[in-house]
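Written out below as structure tokens is the structure these notes cover.
The values are calculated or read from the model by the stated rules, or taken from the named source; none is laboratory data. None of these values were measured; they are calculated from a predicted model. Using ideal geometry, Cβ is built from the backbone for each residue, glycine included, and neighbour counts are taken over all protein chains shown.
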Amino acid sequence: MITDIYNWQNQAEEYFLQENYLQSSKLYEQAIVIEPNTISYYWHLGLILLLQGQEVEAQMTWMLPMTDADEEQLQIWANELFHFLQIEAERRETLTEYSLAWLIRQHMREINPSYINNLLQILILSIKLQKFEAIDDLNEWGLIEYLIEKENIEINLGLLIQVLKDFLNTIPLHPVNLNLIEASLPYFSDPHQCFSILLPAALEIGHTLLKPALASSLLELHLRLEPDNVEILRHLATFYQDARNYSQGIETARLCYSLSEGLADKIFALHLVLRGLMSAGGYWQEICITYQELETVFQQFIKAQPSALEEGRILRLLSPSFAIPHIKDAPADFRAIHNKVAEIFNNYIQAFAQSEGKNYSHPIINNQSLISHAKKIKIGYVSYAFRSHSVGWLSRWLFQHHNRDKFDIYTYFINYKLVNDHLQEWYLSQGGKVRKLGMNGLEIADKIYQDEIDILVDLDSVTLDITCEVMALKPAPIQVTWLGWDASGIPAIDYFIADPYVLPDNAQNYYIEKIWRLPQTYIAVDGFEVGVPTLRRDDLDIPIDAVVYLSAQRGCKRHPETTKWQMQIIKQVPNSYFLIKGLGEEETIKRFFYQIAEEEGVDCSRLRFLPLVHSESVHRANLGIADIVLDTFPYNGATTTLETLWMGIPLVTRVGEQFAARNSYTMMKNAGITEGIAWTDEEYIEWGVRLGKDEALRQQVALKLKASRQTAPLWNGKQFTREMEKAYEQMWQRYIEKK
């Protein structure tokens, strides 16, 4: 029996904290019998029942003393109960007992369904406990409606920020996110607080999860707070273009350029304009004007060399070079500018690393070091493309055939994300020691350095700024660029992998890296998976006896001069048709081809524009509809050329001076084919016409290509791997001798 009010309450509280709910409840039941009008006893007893899973009994206990209360008293007691439960919910949250905190707060919501801070806490807990069902829960709670009303709301901004962060990090793909964020915007008096939430989430959604349209919708919301935020506009232009909303992407990039002040910002803004124009395809007058402006600003930047740039601006310096080889074939001129920018980039990155206390020094080779390396050389491969990507498809044979007894293989995934991608799964299982990394260049370099990699191989070049940063940091004593693009020009990179054909003999004159020529080919594959074709001539209204030409490239490779050659070929070959396929702005691409066709006297009815297919194996099977494939220039096909040759289809290519203009040449040479290799514009047209008119020649080339599968270096991934491994051993030996 209760005799001392203070002692029994202390005892009840102690039992409660010990989770001896049976003894604690007995004391409160006794207290209610003695003092039935003391409301707080009901609060405690109801809470104990709730924690024991007796929710109905808990609610009945809380309501029992309220049955006879008037409206004013009822509100006072409801507020008291709400406050009592809030204290306990916060205690449970401190103890990380999130399930119990969530349960208590749900009952708080029943007492006061419009109290915004409790709803935010419930949302945070629901996400932690993976209990959140976006549409149903938000609609049921009315959270968005309460935020929109903005009347009598004293919101905890810290809670709102936490909700948005958790919401976007955990369930970033649901459109309901946008409604919640839109309703939250008026509560941000400081736009930077919103910026720090939305931009990282947009980058994750757009680049890692490959949802650029949703990412752009997210950034559009922030523009309501800061319509002239250049950083937001940069990413927004990129996401519009990635989502194939080219016109808006170009317009946003131009706005970004008009608002940019520093030279580095102007360079990247011009890159975004070029990126949009070239991805759409066909805007060649604007492309040439923009390119000239970019080259001028590059020269101004080289001359000025701004003394202080933060990491973000540094990283954006090299990507703009990607567009230039699509526009002209002048590697000596191009690299004279690009190499200087790459050197400045390299110096900036190393200075930045030093300011962060990073020093990736490599020890002098001694006898002990030689002994430790006597067994295996550590090869590290770094890329964002170990997935369903052209680099992923082509580099897998090197991984498959590596001699694991002589080499330790490390694979560094940049911007890794768990997605349903069978090729990524393949690399996870075949990549040796796999490192799943993010987008922080210093952290990636740290990991490579800690792994004591001997030779680091970059598969991205300037196509990813983070990879450029990693290579400039020099985390490995020997660094190599292979496959992903032309050489990046970064002084910290030692070698660029080539072969006897893909670069001319004098190329070393304008390359910073040492060109390492493999004896036959810089790339080889064992073949491609080929599916079931979905294209038939009947479907395209093309006669069965017609000669079918095809070109399957992105819009950025559609150069007007090359297109003129292609139209001249079609014009000279009776009963011929031209199939055009590839990413781009559909109407712009059509207008581009129709205009040139009319200028060259070709009936536009002989052109066919093919839809994209989302399966690589079906795409390859559909190539079989073509009699001849016409390559692009000055930027050749690469993966598409390999696929064309594997399918046994004659190819016409124009050989230039730059790496991008010689890919098809080296691949044809390494498949044993010279028919279709043109060294002049006129030869390109001549080969196209000759192959179109001479069916026997086409059959002869097709037979040679099919036979080459058994003998040619291009189709021997194992031999290629041995040649790469020999190169690695020679690089390592040179390094030892030099040290």
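Restricting Leu318, Leu233, Leu259, Leu274 to those that are more than 19 Å from Thr463 (Cβ to Cβ), buried (at least 17 other Cβ atoms within 10 Å of the Cβ) and in contact (Cβ under 8 Å) with a residue 24 or more places away in the chain reduces the list to Leu233.
There is at least one residue in the range 630-640 that is buried (at least 16 other Cβ atoms within 10 Å of the Cβ), in a helix (DSSP H, G or I), touching a residue at least 24 places away in the same chain (Cβ under 8 Å) and not aliphatic (A, V, I, L, M). Regarding the range 583-590, can at least one residue be identified that is of a type outside the set (A, V, I, L, M) and in contact with an Asp or Glu (Cβ under 8 Å, 6 or more places away or on another chain)? The answer is no; no qualifying residue exists. Taking the range 325-342 as the range and being surrounded by 18 or more Cβ atoms within 10 Å (Cβ to Cβ), of a type outside the set (Lys, Arg) and either modelled with pLDDT under 95 or part of a helix (DSSP H, G or I) (or both) as the test, the residues that pass are Pro325, His326, Ile327, Pro331, Phe334, Ile337, His338, Asn339, Val341, Ala342. Checked against the criterion of being assigned by TED's automatic domain parsing to the domain that holds Pro543 and assigned to a strand (DSSP E or B), the range 587-607 contains one or more residues that satisfy it. Listed conditions (1) outside any loop (DSSP other than H, G, I, E, B); (2) modelled with pLDDT of 95 or more are all met by Tyr348, apart from (2).
Tallying residues that are closer than 21 Å to His271 by Cα and surrounded by fewer than 23 Cβ atoms within 10 Å (Cβ to Cβ) within the range 193-209 yields 3. Name the residue that is nearest to Ala89 (Cα to Cα), counting only residues in the range 20-35 that are touching a residue at least 24 places away in the same chain (Cβ under 8 Å) and of a type outside the set (A, V, I, L, M). Checked the range 20-35; the qualifying residue nearest to Ala89 (Cα to Cα) is Tyr21. On inspection, Asp329 qualifies as touching a residue at least 40 places away in the same chain (Cβ under 8 Å), in contact with a helix residue (DSSP H, G or I) (Cβ under 9 Å, 6 or more places away or on another chain) and on the phi < 0 side of the Ramachandran plot.
How many residues does the range 293-311 hold that are under 30 Å from Glu443 (Cα atoms) and surrounded by 12 or more Cβ atoms within 10 Å (Cβ to Cβ)? Talk me through it step by step, then tell me what you get.
Step one: filter the range 293-311 for residues under 30 Å from Glu443 (Cα atoms), giving 298, 301-302, 305-311.
Retained after the next criterion (residues that are surrounded by 12 or more Cβ atoms within 10 Å (Cβ to Cβ)): 298, 301-302, 305-306, 309, 311.
Residues meeting the conditions: 7.
From the list Leu85, Leu74, pick out the single residue that is in contact (Cβ under 8 Å) with a residue 12 or more places away in the chain and out of contact with any strand residue (DSSP E or B) (no Cβ under 7 Å at 6 or more places or on another chain). Within the list Leu85, Leu74, the selection yields Leu85. Just to be sure I understand the filter: pairs with C-beta atoms under 8 Å, separated by 6 or more residues or on different chains, first member in the range 641-653 and under 19 Å from Trp393 (Cα atoms) and in the same structural domain as Ile625 (by TED's automatic domain parsing), second member basic (Lys, Arg) and part of a loop (DSSP other than H, G, I, E, B). Which pairs pass? Taking only residues 6 or more apart or on different chains, the pairs are Trp646/Arg709. Of all residues in the range 460-508, those that are β-branched (Val, Ile, Thr) and within 22 Å of Ile337 (Cβ to Cβ) total 7. Scanning the range 522-556 for residues that are surrounded by fewer than 15 Cβ atoms within 10 Å (Cβ to Cβ) and of a type in the set (Ser, Thr, Tyr) gives a single hit, Thr534.
Pairs meeting the criteria (first residue in the range 550-561 and under 17 Å from Gly276 (Cα atoms), second residue acidic (Asp, Glu) and not in a strand (DSSP E or B), beta carbons under 7 Å, at least 6 apart or on different chains) are Gly555/Glu585. In the range 370-391, what residues are at pLDDT 95 or above and assigned to a helix (DSSP H, G or I)? Correct list: Val391 only. Residue pairs whose Cβ atoms lie under 8 Å apart, sitting 6 or more positions apart in sequence or on different chains, and linking a residue in the range 440-455 that is hydroxyl-bearing (Ser, Thr, Tyr) to a partner that is modelled with pLDDT under 95, are Tyr449/Tyr360. Thr61 fulfils the conditions (1) crowded, with 19+ Cβ neighbours inside 10 Å; (2) among the β-branched types (Val, Ile, Thr); (3) more than 26 Å from Glu140 (Cβ to Cβ) except for a single criterion, (3).
Those residues that are closer than 26 Å to Lys406 by Cβ and touching a strand residue (DSSP E or B) at 6+ places or on another chain (Cβ under 9 Å), I need them from the range 445-466; list them, please. So that I can check it myself, show each step before the final result.
Going residue by residue through the range 445-466, those that are closer than 26 Å to Lys406 by Cβ are 445, 447-460.
Selection gives Lys447, Ile448, Asp451, Glu452, Ile453, Asp454, Ile455, Leu456, Val457, Asp458, Leu459, Asp460.
Which one is farthest from Gly624 (Cα to Cα) among residues in the range 481-538 that are assigned to a loop (DSSP other than H, G, I, E, B) and free of Cβ contacts under 8 Å to residues at least 12 places away in the same chain?
So the first thing to find is which residues in the range 481-538 are assigned to a loop (DSSP other than H, G, I, E, B), and the list is 482-494, 499-506, 511-513, 518-537.
Of the ones still in play, those that are also free of Cβ contacts under 8 Å to residues at least 12 places away in the same chain are 505-506.
Working: Asp505: 35, Asn506: 38 Å.
Among those that are assigned to a loop (DSSP other than H, G, I, E, B) and free of Cβ contacts under 8 Å to residues at least 12 places away in the same chain, it is Asn506.
Does Gly624 fit the bill of being touching a Lys or Arg at 6+ places or on another chain (Cβ under 7 Å), more than 30 Å from Ile324 (Cβ to Cβ) and either in a loop (DSSP other than H, G, I, E, B) or of a type outside the set (S, T, N, Q) (or both)? For Gly624, the condition - touching a Lys or Arg at 6+ places or on another chain (Cβ under 7 Å), more than 30 Å from Ile324 (Cβ to Cβ) and either in a loop (DSSP other than H, G, I, E, B) or of a type outside the set (S, T, N, Q) (or both) - is not met.
Residue-by-condition table, conditions (1) surrounded by 14 or more Cβ atoms within 10 Å (Cβ to Cβ); (2) among the aliphatic types (A, V, I, L, M); (3) modelled with pLDDT of 85 or more:
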position: Ala89; (1), (2), (3): yes, yes, yes
position: Glu97; (1), (2), (3): yes, no, yes
position: Ala101; (1), (2), (3): yes, yes, yes
position: Ile116; (1), (2), (3): yes, yes, yes
position: Leu120; (1), (2), (3): yes, yes, yes
position: Leu129; (1), (2), (3): no, yes, yes
position: Asn177; (1), (2), (3): yes, no, no
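Which one is surrounded by the fewest Cβ atoms within 10 Å (Cβ to Cβ), of the residues in the range 654-679 that are touching a residue at least 60 places away in the same chain (Cβ under 8 Å) and assigned to a loop (DSSP other than H, G, I, E, B)? Selected residue: Glu657. Out of Ile155, Ile197, one residue alone is in a helix (DSSP H, G or I), of a type in the set (Val, Ile, Thr) and touching a residue at least 12 places away in the same chain (Cβ under 8 Å). It is Ile197. For the range 593-635, the tally of residues that are under 33 Å from the mean Cα position of the chain (by Cα), among the polar types (S, T, N, Q) and farther than 24 Å from Arg698 by Cα stands at 1.
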